[in-house]
Structure formats: structure tokens, C-alpha cells
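Enquirer: Take this structure first; my questions come after.
The values are calculated or read from the model by the stated rules, or taken from the named source; none is laboratory data. Since we're looking at a predicted model, the values are computed, not measured. Note that we place each Cβ from the backbone using ideal geometry, even for glycine, and neighbour counts take in every protein chain shown.
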Amino acid sequence: MNEDILARVDLFSTLSKKELQTLAKSCQERSYSAGTTLFVQGDAGAGLYVLKTGKVRITHAVNPDKAEEELGTAGPNDVFGEMSLLDDLPRSATVTAVDDVTALLLPVWEFRGILQNHPDIARKLLAVLSRRLRKAEQRQQDN
């Protein structure tokens, strides 16, 4: 079930089963063939993706001539595109399927409606995002 997949995602780890079910109802399952681009850096963010199966490569164009730098890979239960849920800025990276991929897409308009109707979900997600930001800042300081 999709709520079980969402429960394994760090971003949603503090949500109750009922809250996970609410999010899961708004998710759309999508399939992509190996080599397919899920989204491109600079595109408008349409939502968050959670991988069910397969692997994707995440890249970022680092200069005007579009030379790409690999940021990493993501696999089952990994999440990407989450920044689009919170801001209206363009995608910060390109994501391409390495294998055949099945993913859950949580559209931004669905997510924002859920947050308006379920403020407890919003508070829990803000706490998780704050912890992630603190960890990133600590890594930056350590380097």
C-alpha cells in the first residue's frame, strides 16, 4: 500500500497512519522507462516523487554551457523534488531514470490542500525539514 511506502520516507516518518493515508490518497503512481527524464533543472516543480522501484540519477548543470555534475542517485523509498512542495522556485536538478522506475507523485496542489486542512501534518513536516537543514549546516561547518 502507498501509505506503507510513504512511512519509510524520512520526510514523512513522524506522521501517523491516518495522516499517511491522507497523503497516499493524493499520490499518483507513475512509471518511467530507463533513460527517461522525470524532470529537468529549471522546470516548474509539479510535486514530490517517492521511488517504489528502480534507480534514478540526479544531476545539476553547474555552468552556462550546461556541463552537468552528478549529485547522486536515488533508489527505492528515496524522495526527491520535495522543495517544490514548499516554494515556487524552479527545479534545482535534473532527474533521469537509470532503470525502469515506478514512483509515487504527490502533486504540489494536492499537498498544499492537505496542509491547509491538516495543520498537524504541516507542523510535523516543518520539524523534519528543520532537522535536515541543521544537519546540512553542520556538515557544511565540518568541511
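Enquirer: Within the range 92-121, how many residues turn out to be outside any helix (DSSP H, G or I), within 30 Å of residue 18 (Cα to Cα) and of a type outside the set (A, V, I, L, M, F, W, C)?
Expert: Number satisfying all stated conditions: 3.
Enquirer: If you don't mind, there's one more thing I want to ask. All but one of (1) within 18 Å of residue 82 (Cα to Cα); (2) in a loop (DSSP other than H, G, I, E, B) hold for residue 35; which doesn't?
Expert: Tallying (1) within 18 Å of residue 82 (Cα to Cα); (2) in a loop (DSSP other than H, G, I, E, B), residue 35 fails exactly one: (1).
Enquirer: Separate question: Out of all the residues in the range 103-122, which are closer than 19 Å to residue 36 by Cα and either among the small types (Gly, Ala, Ser) or over 14 Å from the mean Cα position of the chain (by Cα) (or both)?
Expert: Across the range 103-122, the qualifying residue is only 103.
Per-residue answers, yes or no, for (1) in contact with a helix residue (DSSP H, G or I) (Cβ under 9 Å, 6 or more places away or on another chain); (2) basic (Lys, Arg); (3) surrounded by 13 or more Cβ atoms within 10 Å (Cβ to Cβ); (4) on the phi < 0 side of the Ramachandran plot:
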position: 62; (1), (2), (3), (4): no, no, no, yes
position: 67; (1), (2), (3), (4): no, no, no, yes
position: 77; (1), (2), (3), (4): yes, no, yes, no
position: 82; (1), (2), (3), (4): yes, no, yes, yes
position: 93; (1), (2), (3), (4): no, no, yes, yes
position: 102; (1), (2), (3), (4): no, no, yes, yes
position: 107; (1), (2), (3), (4): yes, no, yes, yes
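Enquirer: Which residue, of 71, 89, 125, is modelled with pLDDT under 85 and either over 14 Å from residue 37 (Cα atoms) or among the acidic types (Asp, Glu) (or both)?
Expert: It is 89.
Enquirer: Against the conditions (1) in contact with a helix residue (DSSP H, G or I) (Cβ under 8 Å, 6 or more places away or on another chain); (2) outside any strand (DSSP E or B), where does residue 48 fall short? Just the number, please.
Expert: With respect to (1) in contact with a helix residue (DSSP H, G or I) (Cβ under 8 Å, 6 or more places away or on another chain); (2) outside any strand (DSSP E or B), residue 48 is out only on (2).
Enquirer: Tally the residues that are surrounded by 11 or more Cβ atoms within 10 Å (Cβ to Cβ), among the hydrophobic types (A, V, I, L, M, F, W, C) and more than 14 Å from residue 19 (Cβ to Cβ), restricting the search to the range 127-136.
Expert: Counting residues in the range 127-136 that are surrounded by 11 or more Cβ atoms within 10 Å (Cβ to Cβ), among the hydrophobic types (A, V, I, L, M, F, W, C) and more than 14 Å from residue 19 (Cβ to Cβ) gives 1.
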